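Below is one structure, written out as structure tokens, with a few remarks after it.
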Amino acid sequence: MKRFNAFCILILLLCSSHSYAESLLAVNKDQSIDLSSWLYYVQDPHIDTLAQVSSLSSSQWQHLTPQFNDHLNVAPFWIKFSLYNATDSKIRRFLSLANPHIDKISLYHLQQDNTQVHIEMGDSYPFSQRPIPHNSFLYRFDLQPEQVHTFYLRIETSGSANIPLSLLSPDHIVEVTERQSLTQGFQLGALMAIGLFSLFIAITSRSYSYSYYSGYVLSVSLLVATLHGLSFRYLWPDWPIVHQIVLPLLIPIALTFVLMFSEKVLQLKYHNLAMLRLCRYCAATAFFLILVTPFLSYSVALKLNIIAVLITTSMLMVIAITLSIRGHKLAKLYTLAWSGMLIGSFVTAMMYLGVLYLPILHQTPIMLGLSFEIVFMAAVLAIRYNDERKAKLQIQQEALQQAQRIRETREEALKIEADSNEKLEQMVQERTLELEIALRELNEANQKLTEQNTVDSLTGVKNRAAFDKRLLAEGRLSRRQQTPLAILMIDIDRFKGINDTFGHLAGDQALRLIAQALKEKLRRPSDLVSRFGGEEFAMILPNTAEEGAYQVAELMRETVFQLPLSWEKNAIPLTISVGICADIINDDEHIHSLVERADKALYRAKNDGRNRVCVYTSELEE
């Protein structure tokens, strides 16, 4: 019964009100609709208010065909459509206008209960003014049951006036947004990856080809982001004036880079000077467009850029085909890559100029062409780079061969002049040079040997000679700076028993394990551990008082006590005894007495039962 009532109301509305005489769209649940077949327009420069446009008769409204506004710089016009909720429950819908480059949109939403909503949006306003933050223009509203909603939109733009209006359900708007984000993100990610990769190669190799190609791809990446509305949303949302300038500015920038890149990659300097001059003239013209674009109106600048794109792509295609016919290797692949750009730019240009209509967005053909062209152009550049590398290698090989021949000729000349004074002098110089090289090699060997002589070959820590040298240096530093110097003498308890019971290999393993444990526990670069002799180790702790040295000694003792040493499945307990002496050095004799006192403290630790730390006191002298 409710459906019958709704149908009757709909018939009455269609028959009684001229406002809905054109068409009334019935909306059902979970339905997304392309509104292009339900749009009506009127274009009159004298109509600029809602009161004027709502008073027009049905005969003054015309069905909006794609050909009407499918070109640049269309005069302001009004769009009208009406919706009706054909269900018995409230429906939420989103009105989507998927052209992010409309300058101004005045939206009026009239409901049957005389409620009116007015919203102003467009890329002439800050991004924050949009009702819903989205790349496209979105407006959310609810359709009450059995209620008619009428929408009036005043469109004003100097760019493309293409109006891809659609009515989307909440689920569909999420699906469309995710699909667009995935597609646009993948395209921009690929472009940015290629551009940055080319930039890094240009920096490292100092290649002009990669520099120009990097500039071309990065400018195209920003252009693509601008066409999708991403730049306005994320880069300059509060500066609409930038958005009006950047699109016509990026096109000649990209043209300048691609012309310079094409000159390099096609090697016009070596193949055809006339083509080289033509390419450079076009690059200069594109650069001139960069300078004058900010001073031109948006529509004029865009039309000039479209013409420049058509001329440039056509010219580069002719150059590439000509060189391909002449057998240029890279020109063939360049022709294939540029064909996608040529087709895409021509289709997009014809759509912008209103010559061609396709049921897709204007930028779609050139986007596809750009993606195709950039991927293949990267392959051209890679082949060019590989050819240059092979050519350089070949030149290097030829140079080496030439040097070899020169060297052989020189040697023959030296043999012929063997009895002359010049040969004798040459021989003396060669012998002197060889002697200098031998002396230098001997000096390096001595330095390496000296360095090796400071390390104990078994334990990997410093040896006794390194200890004595370091002790003398630290002692003098202690005397000069009046800072304490601590010496730790360390002995492995019952080491002879380990050798007698398990063998000398087990003893060597114990020495290595303890030495590495002591070395790893040192916390300062200035501290030194060395093998003093046999199973005895010594430590130098600069700028360390007796209390600090005792803490280090206890740490070393506990570390060794916990070492896991097993030999042939037999656990070997390890302990050490430590003697400590710390003092401020007065003279060189005091340095040696410091070692002797630490050694006496060590023997006291041994006599007191081992596995302990003993600090030197004057009582040990008795």
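Just a few scattered comments:
- Scanning the range 462-514 for residues that are over 52 Å from the mean Cα position of the chain (by Cα) and among the basic types (Lys, Arg) yields a count of 6.
- Where a residue in the range 291-306 is outside the structural domain of Ser124 (by TED's automatic domain parsing) and its partner, wherever it lies, is of a type in the set (Val, Ile, Thr), with Cβ under 7 Å and at least six apart: Pro294/Ile245; Ala301/Thr293; Asn305/Ile251
- Positions within the range 457-474 being surrounded by 15 or more Cβ atoms within 10 Å (Cβ to Cβ) and either of a type in the set (S, T, N, Q) or touching a His at 6+ places or on another chain (Cβ under 7 Å) (or both), in sequence order: Thr459, Asn463
- Every pair of residues 6+ apart whose Cβ atoms lie under 7 Å, when the first sits in the range 486-507 and is over 18 Å from Cys614 (Cα atoms) while the second is crowded, with 18+ Cβ neighbours inside 10 Å and among the acidic types (Asp, Glu): Phe495/Glu535
- Single residue of the range 168-187 satisfying the filter (in a helix (DSSP H, G or I) and touching a strand residue (DSSP E or B) at 6+ places or on another chain (Cβ under 7 Å)) that is surrounded by the most Cβ atoms within 10 Å (Cβ to Cβ): Ile173
- All positions within the range 178-213 that are closer than 19 Å to Asn386 by Cβ and of a type in the set (Ser, Thr, Tyr): Ser198, Thr204, Ser205, Ser207, Tyr208, Ser209, Tyr210, Ser211, Tyr212, Tyr213
- Taken over the range 562-589, residues that are part of a helix (DSSP H, G or I) and either at pLDDT 90 or above or buried (at least 17 other Cβ atoms within 10 Å of the Cβ) (or both) amount to 0.
- Inspection of the range 127-142 identifies at least one residue that is surrounded by 16 or more Cβ atoms within 10 Å (Cβ to Cβ) and in a helix (DSSP H, G or I).
- If the condition is being in contact with a Leu (Cβ under 9 Å, 6 or more places away or on another chain) and closer than 17 Å to Leu289 by Cα, then the range 250-263 contributes Leu250, Ile251, Pro252, Ile253, Ala254, Leu255, Thr256, Phe257, Val258, Leu259.
- Scanning the range 508-545 for residues that are in a helix (DSSP H, G or I), touching a residue at least 40 places away in the same chain (Cβ under 8 Å) and either in contact with a strand residue (DSSP E or B) (Cβ under 6 Å, 6 or more places away or on another chain) or surrounded by fewer than 20 Cβ atoms within 10 Å (Cβ to Cβ) (or both) yields Asp508, Gln509, Arg512, Leu513, Gln516, Ala517, Leu518, Lys519.
- Note on the range 62-74: among residues that are more than 15 Å from Leu153 (Cβ to Cβ) and part of a loop (DSSP other than H, G, I, E, B), the one that is modelled with the highest pLDDT is Thr65.
- Cross-chain or 6+ apart pairs with Cβ under 9 Å, the range 591-603 first and over 14 Å from Met539 (Cβ atoms), then of a type in the set (Phe, Trp, Tyr): Arg597/Tyr616; Lys600/Tyr616
- Which listed residue is more than 52 Å from the chain's Cα centre (by Cα), at pLDDT below 85 and small (Gly, Ala, Ser), from Ala21, Ala51: Ala21
- Residue identified as in a helix (DSSP H, G or I), at pLDDT below 70 and more than 30 Å from His228 (Cα to Cα) among Glu388, Glu425, Glu412: Glu388
- Flag if Gly195 is surrounded by fewer than 16 Cβ atoms within 10 Å (Cβ to Cβ), outside any strand (DSSP E or B) and at pLDDT below 85: no
- Considering (1) touching a residue at least 40 places away in the same chain (Cβ under 8 Å); (2) closer than 30 Å to Leu247 by Cβ, the lone condition that Gly122 does not fulfil carries the number (1).
- Just one of (1) at pLDDT below 90; (2) surrounded by fewer than 20 Cβ atoms within 10 Å (Cβ to Cβ) fails for Tyr603. It is (1).
- One residue stands out among those in the range 215-252 that are among the β-branched types (Val, Ile, Thr) and in contact with a Gly (Cβ under 9 Å, 6 or more places away or on another chain): the one that is nearest to Tyr298 (Cα to Cα), which is Val220.
- Residue within the range 98-115 that is aromatic (Phe, Trp, Tyr), over 25 Å from Ser299 (Cβ atoms), surrounded by 20 or more Cβ atoms within 10 Å (Cβ to Cβ) and outside the structural domain of Ile241 (by TED's automatic domain parsing) present: no
- Only residues that are assigned to a helix (DSSP H, G or I), of a type in the set (Gly, Ala, Ser) and over 20 Å from Ile290 (Cα atoms) were counted in the range 208-247, giving 1.
- Scanning the range 206-238 for residues being farther than 23 Å from Ile306 by Cβ, surrounded by fewer than 23 Cβ atoms within 10 Å (Cβ to Cβ) and in contact (Cβ under 8 Å) with a residue 40 or more places away in the chain gives a total of 5.
- Looking across the range 592-609, just one residue is more than 13 Å from Met489 (Cα to Cα) and either within 59 Å of the chain's Cα centre (by Cα) or of a type in the set (D, E, K, R) (or both), and that is Asp608.
The values are calculated or read from the model by the stated rules, or taken from the named source; none is laboratory data. Computed from a prediction, not measured in an experiment: that's the story for all the values here. Cβ sites come from the backbone with ideal geometry, for glycine too, and all protein chains shown count toward neighbours.
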